[in-house]
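Throughout, read-outs are computed from the coordinates displayed, never taken from laboratory work. Just so it is clear, the model here is predicted, and its values are computed rather than measured. In this analysis, Cβ positions are derived from the backbone assuming ideal geometry, glycine residues included, and neighbour counts consider all displayed protein chains.
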Amino acid sequence: MEHRKPRSPAPDHLRRITPRVVSLKVQDTDRYGRKVAEVIDPATGTVINRAMVEAGQAAVYRRYCKDGSYSRAEAGVKAAGLGIWSKGGEQQRPWEYRRG
């Protein structure tokens, strides 16, 4: 029997909260030349990146994110056991998974 990883609800949540038109606030360029940006809903001013963290659908990569509001949001949802923090144990972050 083939084992499959359970599908993450994060992509569906991201689709639900992201409007058709967004604004980008570029923060940096990574070592591969990719732009690192906050994605903003121009109609409401909602920062989609932070909204994902606040919903427990994304983890904060502290090595690169120096904005304390993200870490505070993560701490709150982690304490409340929401989203990816709803199951006990240490969650595997994407940057840890890729190091594999």
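How large is the translational diffusion coefficient of the range 20-75 in µm² per second when you combine the Kirkwood radius over alpha carbon pairs with Stokes-Einstein at 20 °C and 1.002 mPa s? If you can, show how the numbers build up before the last one.
On the way: Rh = 12.0 Å.
Translational D for this selection: 178 µm²/s.
Count charges around residue 50 for me, please; just the other residues with Cβ under 9 Å from its Cβ, Lys/Arg as +1, Asp/Glu as -1.
Details: positive: none; negative: 38, 54, 67.
For residues surrounding residue 50, the net value is -3.
Output ³J(HN,Hα) for the range 52-60: one whole-Hz value per residue in order, computed from phi by the Karplus curve 6.51 cos²θ - 1.76 cosθ + 1.60 with θ = phi - 60°, and x for Gly and Pro.
5, 5, 4, 8, x, 9, 8, 9, 8
For residue 37, enumerate residues with amide H under 5 Å from its amide H, sequence gap 5+ or separate chain, H modeled in the peptide plane.
The list, which skips near neighbours in sequence, is 27.
Among 77-85, 28-36, what's the highest-first ranking by average C-beta atoms within 10 angstrom per residue?
Going by the mean number of other Cβ atoms within 10 Å, highest first, we get 77-85, 28-36.
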